[in-house]
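Step one of this worksheet: look at the structure below.
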Amino acid sequence: MSIFIDQTSRVIVQGITGREGAFHARQMLEYGTQIVAGVTPGKGGQTFEGRVPVFDGVAEAVKRTGADTSVIYVPAAAAAGAIYEAADAGIRLIVCITEGVPVMDMIKVIPFVRERGSRLIGPNCPGLITPGASKVGIIPGNICQAGRVGLVSRSGTLTYEVVNHLTRNGIGQSTCVGIGGDPLIGTSFVDCLRAFQQDPGTDAVVMIGEIGGTDEQRAAAFVRAEVTKPVIGFIAGQTAPKGRRMGHAGAIISGSSGTAEEKLAAFEAAGLGIMRRPAEVVGLVQARLRR
Amino acid sequence: MNLHEYQARALLKAAGIPLPEGEVASTAAEVEAIARKLGGQVVIKAQVHTGGRGKAGGVKLATSPAEAAQVAERILALRINGLEVKRVLVAPTTDIATESYVGLIIDRESQRPVFMVSPAGGIDIEEVAAETPEKITRLAVDPRYGLLPHQGVDLARTLYSDFTQARQAAQIMARLYGVFTGNGATLAEINPLVTTPDGRVLALDAKISIDDNELDRRPDLARLRDESAEEPSEVAAREAGLSFIKLSGNVGCVVNGAGLAMATMDLVKYYGGEPANFLDIGGSSNPEKVVNALRIITRDPNVKAILFNIFGGITRTDDVANGIVEATNAFKVNVPIVIRLTGTNEAEAFRILQGVGMTALSDMDQAVEKVVQVARGRS
């Protein structure tokens, strides 16, 4: 079992003929993801890798292929438009990998997607993977292994670092979700924790947060109130200076809020297992699952 | 990207928000001329990207053009929190009856623009929020409709009992909302919003931050960036497509991915060291980025050792290895380099490095521990 995606997910790639889109579409096909269509306006009628039909628009792709999931690799200037189009076409899960989407776009995109009953993951995220079943995004498949630990993170390579520790120690994952490093994102830690709590295939959850905002604090409160499964947490950016954007647009301590100390204190109060460094994930997950 | 006060004022003025006259100058002679033109008492304000200007002596009054020139001379010679004062704003002083605060931010929790207004203006709003939160009124705006007229009036009435003033303030808020959304701001504040003894409502100081992601499609705003107000190494890094922040430690860090870069800095600290920088070389596997990264880091004389921490997913570790070899051939790196590589093409990467007599580790903890020791041994 898993959350958000599984082997039945029918995926379209928006921006499949672009450099990034084509590269990652190939990787996803190789992993076994059901890529049923690609979309690039003006390139309709082409075939990608000799087997994936390309359409001019998402609505047409959905009508012809029954796609329910979309992954977006278009440039930042076109990303909001691509998300609107996917939601309008009835896509249930929209994963936006694109980095650099203006906040002013996202304040309108997020309610639009929500009102249509769709879920947006990202933007500026690595996507998600249900090991052995489906990969939607850019998380390297070879470091993951199917299993029963859920993982949710605001980061990309830091996620890989943690997943790698789990896999090398024989701890497989149900689903790994990268929710993105921007200040406004479609799916929060709380959304993922709720889904993992409900997923019979997940026994424990690893949550990788970072400085900036209050999403981790709200997640901690949610864990305390509604999550019965063990949760292990990490916060990146303990040494980050205030007021500076640490790569991710969302990773910034504003005034005195969004610090690592504040988030770790919330984790502690909610009884999470706290990783002080990525390598500690293994011991903590093992200990919590034995309880 | 933060705008200077004079730049923020120009945006407010263009939107029709009433504010006192004012001009920007970079020499004492210019200041004198502006003061003469304005007549009467003027205020001279340092234009630097930092708080606490007043306390540092960066905001002063002058009663004559000659005094204005003297005051400007002193302010233009200041460094405030390490930043050189290159420009000053000269404005006539305003008689003030009351001072309020009006701010707009993007609230991450409600995912909307949120107004914050308070009758306790003129001071740091964080202080008000911490000490007297009841003095702040908040309103989340639905971005599809903007600030509705009655919402603006309701907000303004929390500031002013006089309805004429409330109406003026409501109009200012509506225009501020237009400036905020029209320029892709993440923060726009008027502090203080004042009333004058004769009942007018004026914006006396303005602060605007623009979303960096907005700048690609808004070259007019991108041009407002003041690179002289930034750390030179950070300007160089941005031009090379790197995300870099200079810190004060002695362990240089080159990492792929922002989250991993932060976690690497944290681990340096965990093992008793101090990071010299945050640096994310990004996802692309381009040797040139590695060369640029090394160039920028080695310019910092505090750096005693450099750590590479690369998790190859999309980034191919053999490309990074080639970049390291290329960089160390291109110029002499005088500090030891500790390399951690794992993931895509790692065997090839290790072979490339061994070919030039370099070694690499595959474990992050081992590499960080080692680089901290090496840096300590050379300090």
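The values are calculated or read from the model by the stated rules, or taken from the named source; none is laboratory data. Computed from a prediction, not measured in an experiment: that's the story for all the values here. Every residue, glycine among them, receives a Cβ derived from its backbone with ideal geometry; neighbour counts consider all protein chains shown.
Please go through the range B:216-228 and pick out each residue that is within 14 Å of the chain's Cα centre (by Cα) and farther than 20 Å from B:LEU279 by Cα. Talk me through it step by step, then tell me what you get.
The first filter runs over the range B:216-228 and keeps only residues within 14 Å of the chain's Cα centre (by Cα), leaving B:222, B:224-228.
Answer for the range B:216-228, where residues must be within 14 Å of the chain's Cα centre (by Cα) and farther than 20 Å from B:LEU279 by Cα: B:ALA222, B:LEU224, B:ARG225, B:ASP226, B:SER228.
For A:ALA279, the conditions (1) over 20 Å from B:ILE105 (Cβ atoms); (2) crowded, with 21+ Cβ neighbours inside 10 Å; (3) touching a His at 6+ places or on another chain (Cβ under 9 Å) are fulfilled apart from (2).
The set of residues in the range A:93-127 being away from chain B (no Cβ under 14 Å) and under 19 Å from A:PHE189 (Cα atoms) consists of A:LEU93, A:ILE94, A:VAL95, A:GLY117, A:SER118, A:ARG119, A:ILE121.
Answer with yes or no whether B:ALA10 is of a type in the set (A, V, I, L, M, F, W, C), free of Cβ contacts under 8 Å to residues at least 12 places away in the same chain and not in a loop (DSSP other than H, G, I, E, B).
Details: of a type in the set (A, V, I, L, M, F, W, C): yes; free of Cβ contacts under 8 Å to residues at least 12 places away in the same chain: yes; not in a loop (DSSP other than H, G, I, E, B): yes.
Yes; evaluated as a whole, the condition is true for this residue.
Considering every residue within the range B:236-247, establish whether at least one is part of a strand (DSSP E or B), crowded, with 16+ Cβ neighbours inside 10 Å and of a type in the set (S, T, N, Q).
Initial filter on the range B:236-247 (part of a strand (DSSP E or B)): B:243-246.
Now restrict to residues that are crowded, with 16+ Cβ neighbours inside 10 Å: B:243-246.
With of a type in the set (S, T, N, Q) added as a condition, the list becomes B:243.
Checking the range B:236-247: at least one residue is part of a strand (DSSP E or B), crowded, with 16+ Cβ neighbours inside 10 Å and of a type in the set (S, T, N, Q).
Which ones in the range A:188-209 are closer than 30 Å to B:ILE105 by Cβ and either surrounded by fewer than 24 Cβ atoms within 10 Å (Cβ to Cβ) or more than 14 Å from chain B (Cβ to nearest Cβ) (or both)? If the condition is that a residue be closer than 30 Å to B:ILE105 by Cβ and either surrounded by fewer than 24 Cβ atoms within 10 Å (Cβ to Cβ) or more than 14 Å from chain B (Cβ to nearest Cβ) (or both), then A:SER188, A:VAL190, A:ASP191, A:CYS192, A:LEU193, A:ARG194, A:ALA195 are the ones that fit.
Checked against (1) farther than 30 Å from B:ARG218 by Cα; (2) at pLDDT 95 or above, A:MET1 passes all but condition (2).
Assess whether A:ASP191 counts as being outside any loop (DSSP other than H, G, I, E, B), in the same structural domain as A:GLY258 (by TED's automatic domain parsing) and of a type in the set (Asp, Glu). Judged against the criteria, A:ASP191 is a match. Only one of the numbered conditions (1) in a strand (DSSP E or B); (2) out of contact with any helix residue (DSSP H, G or I) (no Cβ under 7 Å at 6 or more places or on another chain); (3) within 14 Å of another protein chain (Cβ to nearest Cβ); (4) of a type outside the set (Phe, Trp, Tyr) is violated by A:GLY212, and that is (1).
Annotation: of all residues in the range A:142-160 being at pLDDT 95 or above and surrounded by fewer than 24 Cβ atoms within 10 Å (Cβ to Cβ), the one that is farthest from the other protein chains (Cβ to nearest Cβ) is A:ARG148.
Taking the range B:251-288 as the search range and keeping residues that are within 16 Å of B:GLN373 (Cα to Cα) and either assigned to a helix (DSSP H, G or I) or of a type in the set (S, T, N, Q) (or both), which one is farthest from the other protein chains (Cβ to nearest Cβ)? Give the derivation first.
Within the range B:251-288, the subset within 16 Å of B:GLN373 (Cα to Cα) is B:251-253, B:264-276.
Now restrict to residues that are either assigned to a helix (DSSP H, G or I) or of a type in the set (S, T, N, Q) (or both): B:264-270.
Numbers: B:THR264: 9, B:MET265: 5, B:ASP266: 5, B:LEU267: 6, B:VAL268: 8, B:LYS269: 5, B:TYR270: 6 Å.
Step by step, filter the range B:251-288, then rank; the result is B:THR264.
Evaluated against (1) farther than 24 Å from B:ALA169 by Cα; (2) out of contact with any Asp or Glu (no Cβ under 9 Å at 6 or more places or on another chain), B:LEU11 falls short on exactly one condition, (1). Is it the case that some residue within the range A:123-131 is outside the structural domain of A:ALA82 (by TED's automatic domain parsing), out of contact with any strand residue (DSSP E or B) (no Cβ under 8 Å at 6 or more places or on another chain) and not polar (S, T, N, Q)? No, the conditions are met nowhere in the range A:123-131. Residue pairs whose Cβ atoms lie under 6 Å apart, sitting 6 or more positions apart in sequence or on different chains, and linking a residue in the range B:324-345 that is free of Cβ contacts under 8 Å to residues at least 12 places away in the same chain and in a strand (DSSP E or B) to a partner that is among the aromatic types (Phe, Trp, Tyr) and surrounded by fewer than 19 Cβ atoms within 10 Å (Cβ to Cβ), do not occur here.
Which members of the range A:237-255 meet the condition of being within 7 Å of chain B (Cβ to nearest Cβ), farther than 17 Å from A:ASN124 by Cα and either surrounded by fewer than 20 Cβ atoms within 10 Å (Cβ to Cβ) or out of contact with any Lys or Arg (no Cβ under 6 Å at 6 or more places or on another chain) (or both)? Hits for the range A:237-255 are A:GLY237, A:GLN238, A:ALA240, A:PRO241, A:ARG244, A:GLY255. Taking the criterion of being within 20 Å of A:PRO53 (Cα to Cα), over 18 Å from the mean Cα position of the chain (by Cα) and not small (Gly, Ala, Ser), the residues of the range A:65-96 that qualify are A:THR65, A:GLU85. Reported count of residues in the range B:317-347, each being within 19 Å of A:ILE143 (Cα to Cα), surrounded by fewer than 16 Cβ atoms within 10 Å (Cβ to Cβ) and more than 14 Å from chain A (Cβ to nearest Cβ), is 0. Looking only at the range B:346-379, residues that are part of a helix (DSSP H, G or I), among the small types (Gly, Ala, Ser), within 17 Å of B:GLY252 (Cα to Cα) and modelled with pLDDT under 95 come to 1 in all. Has the range B:63-84 got at least one residue that is surrounded by fewer than 15 Cβ atoms within 10 Å (Cβ to Cβ), modelled with pLDDT under 95, part of a strand (DSSP E or B) and acidic (Asp, Glu)? Yes, the range B:63-84 contains a residue that is surrounded by fewer than 15 Cβ atoms within 10 Å (Cβ to Cβ), modelled with pLDDT under 95, part of a strand (DSSP E or B) and acidic (Asp, Glu).
Would you call B:VAL90 in a strand (DSSP E or B) and away from every other protein chain (no Cβ under 14 Å)?
On the way: in a strand (DSSP E or B): yes; away from every other protein chain (no Cβ under 14 Å): yes.
Criteria met by B:VAL90.
With the condition kept exactly as written, say whether any residue in the range A:102-115 is assigned to a helix (DSSP H, G or I) and under 13 Å from A:GLN14 (Cβ atoms). No, the range A:102-115 contains no residue that is assigned to a helix (DSSP H, G or I) and under 13 Å from A:GLN14 (Cβ atoms).
Scanning the range B:204-250 for residues being among the aliphatic types (A, V, I, L, M), in contact with a helix residue (DSSP H, G or I) (Cβ under 6 Å, 6 or more places away or on another chain) and away from chain A (no Cβ under 14 Å) gives a total of 5. Here A:MET207, A:MET246 are screened, and the one residue that is under 21 Å from B:GLU234 (Cα atoms) and touching a residue at least 12 places away in the same chain (Cβ under 8 Å) is A:MET246.
Any residue in the range A:262-274 that is within 8 Å of chain B (Cβ to nearest Cβ) and surrounded by fewer than 24 Cβ atoms within 10 Å (Cβ to Cβ)? Full working, then the answer.
First, the residues of the range A:262-274 that are within 8 Å of chain B (Cβ to nearest Cβ): none.
No: zero hits.
Quick check on the range B:362-379: of everything there that is touching a Leu at 6+ places or on another chain (Cβ under 8 Å) and under 19 Å from A:ASN164 (Cα atoms), which residue is farthest from the other protein chains (Cβ to nearest Cβ)? Walk me through it before giving the result.
First, pick out the residues of the range B:362-379 that are touching a Leu at 6+ places or on another chain (Cβ under 8 Å): B:362, B:364-365, B:367-368, B:370-371.
Remaining after also requiring under 19 Å from A:ASN164 (Cα atoms): B:362, B:364-365, B:367-368.
Numbers: B:SER362: 10, B:MET364: 7, B:ASP365: 5, B:ALA367: 12, B:VAL368: 9 Å.
Taking the candidates together, the pick is B:ALA367.
Scanning the range A:128-141 for residues that are in contact with a Ser or Thr (Cβ under 8 Å, 6 or more places away or on another chain), buried (at least 24 other Cβ atoms within 10 Å of the Cβ) and within 11 Å of chain B (Cβ to nearest Cβ) yields one hit, A:ILE139. Within the range B:100-122, being out of contact with any helix residue (DSSP H, G or I) (no Cβ under 9 Å at 6 or more places or on another chain) and without any contact (Cβ under 8 Å) to a residue 40 or more places away in the chain holds for B:ASP107, B:SER110, B:VAL114.
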